[in-house]
Structure formats: C-alpha cells, structure tokens
C-alpha cells in the first residue's frame, strides 16, 4: 500500500489485476488522451453545392437530377434583409413625396408600384448575370442571392433619395442646413 503520510493515500485502494475482465470495447474514433466532443451523428452539416454539368450548348446535362423548387427558393433567402430595408426606405420616402404633393394619390401609387416592379426586374437581371458570369463562365458556386439583393437595395435607396429631392420642403430644409 502507499505511504500513509500522503493525504490521498487513505482514500486510495490498490486493486489487483483481474485476468477475466478485459478492456471495455471502445469506439473506432477513440484516441488515448483525446476527449471526444459531441456526437458525430448529431452534427448538422450541409454538403457543398455542386455546379451542374453543362453541355456545349450551355444546357444542363439531362442525366443530372434537377433540384427541387424549394432549393431554388431557399437560395433567394440569404440577403433578403437588404432588399426589405431598401423597400422600406423607398416606401417612407415615397410617402413623404406623395403626401407633400397633395391631391389624388392614385398616380403616385401607380408610380410606386411600377418602381417596385422595376426593382424586381433589376433583381432578376442581377441573378441572371450572376448565373451566367459566376456559374457558367467562372465555374463557381453561388451560395445565395446577397449580391442581387444588395444591387436591388442600392436601387431602392437611390430611388428614395430621388423622391426626397423632389419634395420642396425637404430641399429647402437641406439648403438651410448646408448654408448655415
């Protein structure tokens, strides 16, 4: 037995080796001295997206499976806060412009709806350019629509500032602040 002068010695008991008891079975990934963190089955990983094989004519190969519509819609989600923020800013600026103009709001409402349709068209054009340039020409994988949302947001914010520049009392207030 160990020296009893040590404070831990009285709590330690020597166990003789038992030949019938073996080492308990370990997992394949067990390494002596390395703690296992987490369970491999509980980790949620996403596989890397794969660029579709494209034939000479620029059409995806028929042997490759097509992705579901939900996957394509999920690709539009990253970056949507940029477009939503730009649309909100444009809506507030349009509201200030429309109310300060007085009169009937039918034609300003039509202008706002047409402006939103132009923004949607710009978003679609940015996605198309991204597909042609990034995926087909450079062979890269797009992981979302952040760039197209950013282009759309810049358009909507500049549209909002254009509406504010047409509002007389905001222009006069801006001139008063800058000339002071």
Residue 78 fails exactly one of (1) closer than 23 Å to residue 170 by Cβ; (2) in a loop (DSSP other than H, G, I, E, B); (3) touching a residue at least 12 places away in the same chain (Cβ under 8 Å), namely (1)
Residue 90 touching a helix residue (DSSP H, G or I) at 6+ places or on another chain (Cβ under 6 Å) and either modelled with pLDDT under 90 or in a helix (DSSP H, G or I) (or both) | yes
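Residue check: is residue 115 farther than 19 Å from residue 77 by Cα, part of a helix (DSSP H, G or I) and modelled with pLDDT of 85 or more? Break it down into steps so the answer makes sense when it comes.
Working: farther than 19 Å from residue 77 by Cα: yes; part of a helix (DSSP H, G or I): yes; modelled with pLDDT of 85 or more: yes.
The answer is yes for residue 115.
Among the candidates 137, 127, which residue alone is more than 17 Å from residue 88 (Cα to Cα) and under 17 Å from the mean Cα position of the chain (by Cα)?
Criteria check complete, one pass: 127.
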Only unsatisfied item for residue 128, checking (1) without any contact (Cβ under 8 Å) to a residue 60 or more places away in the chain; (2) touching a helix residue (DSSP H, G or I) at 6+ places or on another chain (Cβ under 6 Å); (3) surrounded by fewer than 18 Cβ atoms within 10 Å (Cβ to Cβ), is (2)
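Considering only residues that are free of Cβ contacts under 8 Å to residues at least 60 places away in the same chain and surrounded by 11 or more Cβ atoms within 10 Å (Cβ to Cβ), look in region 137-161 and name the one that is farthest from residue 119 (Cα to Cα).
Looking at residues that are free of Cβ contacts under 8 Å to residues at least 60 places away in the same chain and surrounded by 11 or more Cβ atoms within 10 Å (Cβ to Cβ), I get 158.
The values are calculated or read from the model by the stated rules, or taken from the named source; none is laboratory data. Keep in mind that what you see is a predicted model, and the values were worked out from it rather than measured. Note that we place each Cβ from the backbone using ideal geometry, even for glycine, and neighbour counts take in every protein chain shown.
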